[in-house]
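The values are calculated or read from the model by the stated rules, or taken from the named source; none is laboratory data. Keep in mind that what you see is a predicted model, and the values were worked out from it rather than measured. Please note: Cβ atoms are built from the backbone with ideal geometry, for glycine as well, and neighbour counts cover all protein chains shown. Keep in mind that these areas ignore ligands, DNA and RNA; they rest on the heavy atoms of the full protein, side chains included. Shrake-Rupley method; radii C 1.70, N 1.55, O 1.52, S 1.80 Å.
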Amino acid sequence: MDPQEITNRYHLDVYNRFPITLVKGKGTRVWDDDGNEYLDALAGIAVNSIGHCHPNVVKAIQEQAEKLMHISNFYYSEPQARLVELLAKVSGLDRVFLCNSGAESIEAALKLARKYGKVNKKQGPVITMDNAFHGRTMATISMGMEKYSKGYDPLLSGFMEIPMNDIQALEKAFEQNPLALILEPIQGSGGLHIVSPEFADKVQELCRQHNTLLIIDEVQTGMGRTGKMFGFEHFELEPDIISCAKAMGGGFPVGAMMAKESVASAMKHGDHGTTYGGNPLACAAAFAALQTIREDNLPDEASKKGSYLINQIREKTKGLDCIHDIRGKGLMIGVELSFPGRPVVEEMLQRGVLSNCTHGNVMRLVPPLIISSQEIDLLANTLSDSIKAVQ
């Protein structure tokens with residue numbers, strides 16, 4: 001049996017996979033077991049921001065794997081110390097909790113918020129946005145899109161959903177004296193919708209007035225993807241808590257929650273923890289990835305390349321009535337179609353480009369930040385040709 005047959009036989013059938021088996025990746029390219037080469041415009045869902053198998057990350061993993069991979073958090077390690085210091089510096093926050101994924105980083109943020117609320121006798125709801133996606137745990141599906149929570153009742157209580165960018169609904173929600181508000185600067189799985197500057201300003205104003213914690217979900221927008229190190233930096237926002245993952249590890253699974261000291265101090269020894277989180281191997285990989293993003297000035301590269309990609313897509317798709325909108329920041333771009341996007345993804349795959357459709361009809365383009373201008377041209381041409389072929 002080949003890998004596809006074995007996987008279909010034994011893996012829990014929850015993924016609608018494409019029929020290719022990838023065996024190798026380098027930079028912006030991947031190869032399947034038949035030797036076919038693909039331009040990766042999905043980057044492992046915004047994970048491989050510095051490309052596949054970046055030599056800095058590979059070297060860091062190899063060197064650390066020969067010394068120490070796992071010790072648990074009963075003990076200290078140098079890789080963990082270096083990483084938490086770097087994360088504190090780039091985020092501007094004081095404390096860091098390391099974990100293994102984006103969902104875990106959101107869970108940590110929610111637990112910290114609720115612990116803070118207990119300590120400060122503030123028990124209002126957590127405000128969430130419609131079309132939000134924060135993960136697939138029971139807590140995170142309780143605060144996002146219905147399609148991810150359907151069939152998992154009873155869900156967790158304590159959340160209040162409002163439409164993003166609806167200032168009137170926001171003001172109404174704050175009548176409930178909310179404990180926290182959680183926001184994605186750009187909704188990754190919710191259709192690449194961007195928070196408006198006016199809404200962001202009102203969020204910050206109301207959070208300050210009501211002593212409401214502002215939690216920013218940077219799992220997909222973080223680490224240079226949007227043209228700045230964090231997506232919230234495009235707005236006048238000052239988060240109390242930040243959650244991140246994805247690009248943070250350069251392909252290695254790792255996540256983190258950062259918080260202000262005034263909030264983080266609500267948690268004491270034993271209030272939260274994880275066995276694998278912050279292990280030396282993951283920390284070495286993440287430190288190398290973050291250093292590469294900073295030293296190669298990839299946020300600035302993402303900003304320039306994202307503008308170029310949007311312009312190219314607009315030029316190539318000019319006159320197509322099926323294009324409802326092209327939006328995004330940096331190299332996090334959504335192309336909204338008038339029809340389901342899955343056939344476009346399949347057509348692009350046949351033409352040698354890996355892509356993705358989210359929210360049913362929005363093509364999500366999140367290529368590695370190291371993509372070249374020639375590859376951007378290839379991506380724009382392939383997207384345009386594929387839309388024309390299937391519309």
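Of the residues Ile141, Ile167, only one is in contact with a helix residue (DSSP H, G or I) (Cβ under 6 Å, 6 or more places away or on another chain), hydrophobic (A, V, I, L, M, F, W, C) and within 21 Å of Gly360 (Cβ to Cβ); which?
Working: Ile167 fails: within 21 Å of Gly360 (Cβ to Cβ).
Ile141 is the lone residue from the list that is in contact with a helix residue (DSSP H, G or I) (Cβ under 6 Å, 6 or more places away or on another chain), hydrophobic (A, V, I, L, M, F, W, C) and within 21 Å of Gly360 (Cβ to Cβ).
Just give me the residues in segment 123-138 being open to solvent by 10 Å² or more (accessible area, probe 1.4 Å), more than 15 Å from the chain's Cα centre (by Cα) and touching a residue at least 24 places away in the same chain (Cβ under 8 Å), in sequence order.
Gln123, Gly124, Pro125, Asp130, Thr137
Scanning for something touching a residue at least 24 places away in the same chain (Cβ under 8 Å), open to solvent by 10 Å² or more (accessible area, probe 1.4 Å) and either part of a strand (DSSP E or B) or small (Gly, Ala, Ser) (or both), does segment 224-238 turn up at least one residue?
yes
Which members of segment 170-184 meet the condition of being assigned to a helix (DSSP H, G or I) and under 19 Å from Asp217 (Cβ atoms)? Spell out how you get there, then give the answer.
We begin by selecting, within segment 170-184, every residue assigned to a helix (DSSP H, G or I); these are 170-176.
Result: Leu170, Ala173.
From the set of residues in segment 185-211 that are among the hydrophobic types (A, V, I, L, M, F, W, C) and in a loop (DSSP other than H, G, I, E, B), which is surrounded by the most Cβ atoms within 10 Å (Cβ to Cβ)? Full working, then the answer.
We begin by selecting, within segment 185-211, every residue among the hydrophobic types (A, V, I, L, M, F, W, C); these are 186, 192, 194-195, 199-200, 203, 206-207.
After this cut, where a residue has to be in a loop (DSSP other than H, G, I, E, B) as well, the list is 192, 195.
Values: Leu192: 25, Val195: 21.
Out of the qualifying residues, it is Leu192.
On the basis of being in a helix (DSSP H, G or I), polar (S, T, N, Q) and within 20 Å of Ala113 (Cα to Cα), does Ser262 make the cut?
Working: in a helix (DSSP H, G or I): yes; polar (S, T, N, Q): yes; within 20 Å of Ala113 (Cα to Cα): yes.
Spelling it out, Ser262 is indeed in a helix (DSSP H, G or I), polar (S, T, N, Q) and within 20 Å of Ala113 (Cα to Cα).
From Ile50, Ile61, Ile45, which residue is in contact (Cβ under 8 Å) with a residue 24 or more places away in the chain, of a type in the set (Val, Ile, Thr) and open to solvent by 60 Å² or more (accessible area, probe 1.4 Å)?
Just one listed residue meets the conditions, Ile45.
Among Ala103, Ala88, Ala108, which is the only one that is open to solvent by less than 40 Å² (accessible area, probe 1.4 Å) and either touching an Asp or Glu at 6+ places or on another chain (Cβ under 7 Å) or assigned to a loop (DSSP other than H, G, I, E, B) (or both)?
Details: Ala103 fails: either touching an Asp or Glu at 6+ places or on another chain (Cβ under 7 Å) or assigned to a loop (DSSP other than H, G, I, E, B) (or both); Ala108 fails: either touching an Asp or Glu at 6+ places or on another chain (Cβ under 7 Å) or assigned to a loop (DSSP other than H, G, I, E, B) (or both).
After ruling out the rest, the residue left standing is Ala88.
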